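*Asks:* Okay, here's the structure, questions in a sec.
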Amino acid sequence: MTIRTLLLLLALTLPGLAAAQFRTLPADAKRGEIRSLGSMDVEINGKPFRLAAGAQVRDAGNLIVLPTAIPAGAKVKYLLDAQDMVLRVWILSPQEVAQPDPRR
């Protein structure tokens, strides 16, 4: 294999590796179904919550999304702060949804 071929193969492989992003969700994160109620309000499992200041919502690709862009009925894992406000939300990928919830 020539160096040129090797460099070409490497150039074609790296973008795919960069796109494959792994994330670890906290073990104490709760599972639920979410929908946005407005700019700083969400509903998780039918219960209204307020988003904490600096709250982050991440999509299945681990990118930050606006709370108003949360798809209604999305399966999520989430963390609450000391005031029971939503601090972090991770929208689950189909593979993550299929995994059993260790908290049950």
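*Asks:* Report, ordered by the first and then the second residue, all pairs with beta carbons closer than 6 Å, sequence separation of six or more or different chains, a first member in region 44-62 that is among the small types (Gly, Ala, Ser), and a second member that is surrounded by 16 or more Cβ atoms within 10 Å (Cβ to Cβ).
*Replies:* These pairs meet every condition: ALA52/LEU87; ALA55/VAL86; ALA55/LEU87; ALA60/ILE91.
*Asks:* Would you confirm whether any residue within region 36-44 is part of a loop (DSSP other than H, G, I, E, B), in contact with a Lys or Arg (Cβ under 8 Å, 6 or more places away or on another chain), modelled with pLDDT under 95 and surrounded by fewer than 11 Cβ atoms within 10 Å (Cβ to Cβ)?
*Replies:* Scanning region 36-44, I find no residue that is part of a loop (DSSP other than H, G, I, E, B), in contact with a Lys or Arg (Cβ under 8 Å, 6 or more places away or on another chain), modelled with pLDDT under 95 and surrounded by fewer than 11 Cβ atoms within 10 Å (Cβ to Cβ), so the answer is no.
*Asks:* Looking at ALA60, is it part of a strand (DSSP E or B) and either touching a helix residue (DSSP H, G or I) at 6+ places or on another chain (Cβ under 8 Å) or open to solvent by less than 40 Å² (accessible area, probe 1.4 Å) (or both)?
*Replies:* In short, no.
*Asks:* From the list ILE70, ILE91, which one is touching a Ser or Thr at 6+ places or on another chain (Cβ under 7 Å), surrounded by 12 or more Cβ atoms within 10 Å (Cβ to Cβ), closer than 16 Å to ASN45 by Cα and among the aliphatic types (A, V, I, L, M)?
*Replies:* ILE70
*Asks:* Within 24 Å of PRO100 (Cβ to Cβ) and at pLDDT below 95: which single residue out of ALA72, ALA20, ALA11, ALA29 fits that description?
*Replies:* Just a single option satisfies the conditions, and that option is ALA20.
*Asks:* Scan ALA55, ALA82 and give me the residue that is at pLDDT 95 or above, exposed (fewer than 11 other Cβ atoms within 10 Å of the Cβ), hydrophobic (A, V, I, L, M, F, W, C) and over 13 Å from GLY32 (Cα atoms).
*Replies:* ALA82
The values are calculated or read from the model by the stated rules, or taken from the named source; none is laboratory data. All figures in this text were calculated on a predicted structure; none of them were measured in a lab. With ideal geometry, Cβ positions are generated from the backbone for all residues, glycine too; neighbour counts draw on all protein chains shown. Just so you know, the surface numbers come from the protein's heavy atoms only, side chains and all, with ligands and any DNA or RNA stripped out. Shrake-Rupley method; radii C 1.70, N 1.55, O 1.52, S 1.80 Å.
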